[in-house]
1. Select from the range 102-128 the residues that are hydroxyl-bearing (Ser, Thr, Tyr) and under 15 Å from the mean Cα position of the chain (by Cα) and list them in ascending order.
2. Quick check on the range 113-121. Is at least one of its residues crowded, with 16+ Cβ neighbours inside 10 Å, part of a strand (DSSP E or B) and modelled with pLDDT under 90?
3. Residues that are of a type in the set (Asp, Glu) and either over 23 Å from Leu70 (Cβ atoms) or surrounded by fewer than 13 Cβ atoms within 10 Å (Cβ to Cβ) (or both): does the range 189-203 have at least one?
4. Considering only the range 76-98, how many residues are part of a helix (DSSP H, G or I) and touching a strand residue (DSSP E or B) at 6+ places or on another chain (Cβ under 7 Å)?
5. So which residues in the range 281-318 are assigned to a loop (DSSP other than H, G, I, E, B) and polar (S, T, N, Q), if there are any at all?
Amino acid sequence: MADTLQDRDPLAGLNDDEVRATGLSERVLNQDEIDSLLGFDLGEGDDSERTGIRAIINSALVSYERLPMLEIVFDRLVRLMTTSLRNFTSDNVEVSLDNISSIRFGDYLNSIPLPAILAVFRAEELDNYGLLTVDSNLIYSIVDVLLGGRRGTAALRIEGRPYTTIERVLVQRMVEVVLQDASAAFEPLTPVHFNLDRLETNPRFAAIARPANAAILVKLRIDMEDRGGRIELLLPYATLEPIRKMLLQQFMGEKFGRDNIWEGHLATELWTTDTEVRAVLDEQQAPLSTVLNLKVGDTFMLNATPDSDISIRAGSIPLTTGKMGRKGQFIAVRVEGPISPEAAGSIAKGRHG
């Protein structure tokens with residue numbers, strides 16, 4: 001039996017010095033070190049940046065391009081909401097932007113802390129929907145503020161009961177104010193009107209996209225002195241797709257793939273480019289044998305008269321028509337019609353190519 005155990009244990013029969021010499025004795029990690037390695041830190045909130053193995057795993061979930069202009073739009077939304085909610089509640093309201101992240105729609109629905117009110121709204125010009133979530137802390141705080149609750153006292157929360165009609169109406173008024181500010185925030189970029197479609201308390205009834213679809217999640221914090229809560233605005237990528245090119249801008253009015261200096265230089269060169277122009281009196285078809293037998297002194301009879309229209313061409317591209325005549329010692333062509341835009345575009349394209 002001893003021989004069997006010794007065969008199984010490579011350290012059997014060795015003293016402490018020999019064990020240290022083998023290098024097989026390692027320090028055991030404590031729980032804090034294990035949590036730090038895996039990226040699970042219970043001392044911080046969900047908003048903290050995740051590190052370790054967990055960050056590597058989460059980075060593969062949704063890895064989409066950043067939209068710089070969208071950050072500017074939501075910074076503008078925060079300023080607008082601060083003013084409008086102060087007027088709405090007649091209280092000192094501070095709105096802050098926690099973070100903007102990408103998430104799959106199904107993962108977000110599963111992460112919504114209930115109870116909450118979910119407002120489904122429609123972006124009219126973008127022809128799609130978005131989702132606005134109001135958590136329970138903000139719901140009770142808004143109701144308490146609008147109905148004259150005294151400061152310094154926490155709002156009474158009764159768990160397990162549905163929201164009353166009064167609570168839903170007051171939250172709906174606040175949601176309409178936020179959506180109006182969101183429309184104003186997008187206005188410098190593109191006209192978009194966000195209209196409230198319905199209010200839901202069950203996330204399953206607020207499915208505006210497929211679970212695997214990606215979306216932009218914006219977390220806003222609203223503080224009213226000792227009260228407040230959180231609003232989360234979710235916009236699926238399908239909703240933002242019509243204005244994706246605008247959202248990729250680094251600054252307002254950026255032009256993609258265009259160089260104004262090069263455009264001006266190209267236009268200058270085009271205006272000074274020499275173009276060969278031909279006046280074609282007549283065109284005829286003849287057998288190849290006739291053309292090969294032409295000799296010096298042979299005459300071709302053209303079907304052209306002094307009143308015939310002469311085709312003016314640049315290469316094979318017809319430009320306009322004119323009349324043949326004489327000016328002094330030179331044969332001239334008087335242009336009878338304007339240059340066709342199609343012909344000018346074809347010439348410019350050929351020169352540019």
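The values are calculated or read from the model by the stated rules, or taken from the named source; none is laboratory data. Everything numeric in this text was worked out from a predicted model, so none of it was measured. Here Cβ is always computed from backbone atoms with ideal geometry, including for glycine, and neighbour counts include all displayed protein chains.
1. Ser102
2. yes
3. Yes, the range 189-203 contains at least one residue that is of a type in the set (Asp, Glu) and either over 23 Å from Leu70 (Cβ atoms) or surrounded by fewer than 13 Cβ atoms within 10 Å (Cβ to Cβ) (or both).
4. Residues meeting the conditions: 5.
5. Gln284, Gln285, Asn293, Thr299, Asn303, Thr305, Ser308, Ser316
Each row is one residue, and each column tells you yes or no for (1) over 18 Å from Thr133 (Cβ atoms); (2) modelled with pLDDT of 90 or more; (3) of a type outside the set (Ser, Thr, Tyr).
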site	(1), (2), (3)
Ser183	yes, yes, no
Asn195	no, yes, yes
Thr201	no, no, no
Ala212	yes, no, yes
Leu217	no, yes, yes
Met224	yes, no, yes
Leu234	no, yes, yes
Glu241	yes, no, yes
Arg244	yes, no, yes
